[in-house]
Each structure stands twice: as C-alpha cells, then as structure tokens.
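Each reported figure results from applying straightforward, stated rules to the coordinates on display, with no laboratory input. Please read all numbers here as calculations on a predicted model, not as lab measurements. FYI the Cβ positions are ideal-geometry reconstructions off the backbone, even for glycines, and counts take in every protein chain you see.
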Amino acid sequence: MGNGDDQPRYEISQAAYIKLVLHAIKHSTSAVNGVLLGRPSSSDASLTEISDAVPLFHSHLGLLPNLEISLILIEEYYGGKGLSVVGYFHANERYNDSELGGVARNIGDHIYRYFPNAPILLLDNKKVEALEKGKDLSPVMQLYTRDASKNWKLSPDGGSRLILKEPSANVVLMDYISSEKWRDIVDFDEHLDDISRDWLNPDLF
C-alpha cells in the first residue's frame with residue numbers, strides 16, 4: 001500500500017454524479033465533458049467534496065475559447081456559493097474506448113492550474129451497462145489523478161478514492177435512466193445556441 005493515506009480522495013454528491021452520467025447518455029454517440037464543483041473538506045485535507053457539476057459540451061470539446069467562456073461563467077456563479085471548479089469529467093465517443101485521450105488530458109491540465117488536486121473522471125460504459133443488472137454500487141467512472149511527473153494516471157484503487165456520497169446513487173440513477181430523464185439535461189453547448197436554456201439545470205431533480 002505504501003503511503004496511501006495522503007493520496008487525494010474524492011466524494012461526489014448524487015446530484016453531480018447523476019447529472020454527468022445523464023449528459024453522457026443523452027449524447028451517447030459523441031464525446032461529452034463537464035466540470036466538477038466543490039471544495040476541499042474542512043475536516044480532512046486529502047478529501048475533496050464534489051457537490052455539483054456542470055455538463056459542458058457534446059461537440060468540439062477541444063475548443064478552448066468556449067471552455068474559457070464557460071469556466072468564467074461557472075466560476076462567477078458558483079464562486080458566490082463558496083464552490084469552485086475542482087475537476088473534470090469526460091466520456092469518450094466510442095463505447096469500448098476506455099483510454100484517456102489528448103483532449104481530456106489537455107482540459108484536465110487546464111483545470112489542474114485552478115485546483116492542484118483536480119481529478120479527471122472518465123465514464124466507464126461497461127459499468128453503466130452493468131447498472132441494469134443492479135448489483136454494482138460503485139461509481140461508473142474511472143479516477144485519474146496527476147502524478148509527480150505531471151502525467152494523468154488511472155488510479156488502481158479508484159474504488160477507495162472515489163466515493164459516492166449517497167450509497168444509493170446508482171439506484172436513483174437507474175430510475176432516471178429508465179424514465180428517460182436524460183432528455184431534460186441542458187449543457188453549455190445548448191445554452192450557447194439558445195441562451196434561454198439553463199445550463200444550471202434547476203428543474204432536473
């Protein structure tokens with residue numbers, strides 16, 4: 001195990017988790033991404049509490065100007081609530097692609113400048129599929145963190161370092177998937193096309 005105690009850990013709220021997965025399901029034929037919002041835990045220096053998430057894009061993910069605009073708006077809104085961008089979420093376009101690609105790494109690097117403990121969460125499609133069998137209570141995401149040489153590495157002990165705040169989150173997620181709640185999710189792409197569409201998704205839950 002070594003010095004596992006000071007490894008950064010992440011606790012993700014049900015709302016943030018479900019929003020990100022539903023966004024990926026809505027745009028299942030394209031890559032999608034989002035940002036994680038939260039704060040370091042006041043009681044445990046190695047723990048980051050992820051309390052919300054914003055679905056970003058489902059087309060042209062690598063366009064930095066759009067990312068910059070969205071991050072400014074997101075920081076402005078959530079800063080007022082004492083939250084900031086603490087990580088990045090990515091889902092690959094192809095179902096069986098479980099690699100962390102260049103775009104995800106670049107955006108992860110960008111967010112890492114804001115928050116040095118920032119993780120990248122990569123959607124694991126096979127785990128999403130396994131949800132329907134209803135057995136797995138662990139997150140359907142893989143955890144990547146930056147190592148000392150600034151490379152993004154898959155955490156082999158992701159199960160102990162990425163924790164669902166509400167243990168029943170996958171059960172709730174399944175309800176949302178089966179009732180096609182993913183149709184209602186609005187991301188930044190859609191907001192930039194039509195500003196009346198609210199990227200905060202206030203009515204989702």
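Some points to look at:
- Estimated at 0.36 nm per residue, the fully extended path between Asp194 and Asp109 surpasses their Cα-Cα distance by 27.7 nm.
- Descending by average beta-carbon neighbour count within 10 Å, the peptides 172-181, 45-54 line up as 45-54, 172-181, the highest first.
- Among Val35, Val128, Val103, the residue with the largest mean-square fluctuation in a Gaussian network model of the chain, with springs joining Cα atoms closer than 10 Å, is Val103.
- Computed magnitude of the charge dipole of the chain (debye, nearest 20; Cβ of K, R +1, Cβ of D, E -1): 440 debye
- Per the Kirkwood formula applied to alpha carbons, the stretch 59-205 shows a radius of gyration over Rh ratio, Rg over Rh, of 0.95.
- Look at where the Cα atoms of the stretch 20-63 and of the stretch 122-173 average out, and the two centres are 13 Å apart.
- Beyond 20 Å in Cα-Cα separation lie the following of the pairs Lys127/Lys150; Lys19/Lys127; Lys19/Lys150; Lys127/Lys165; Lys81/Lys150; Lys26/Lys81: Lys127/Lys150; Lys19/Lys150; Lys81/Lys150; Lys26/Lys81.
- In the chain, the DSSP-assigned H stretches of four residues or longer account for a calculated mean residue ellipticity at 222 nm of -10000 deg cm²/dmol, using -39500 (n - 2.57) per stretch and the full residue count as denominator.
- Three-way shape call for the stretch 55-133 based on the alpha-carbon gyration tensor, with the a/c threshold at 1.5: prolate
- Cβ crowding within 10 Å averaged over residues, with 135-145, 83-93 ranked highest first: 83-93, 135-145
- Among Ala148, Ala15, Ala118, residue whose mean-square fluctuation peaks in a GNM of the chain (springs only between Cα atoms under 10 Å): Ala148
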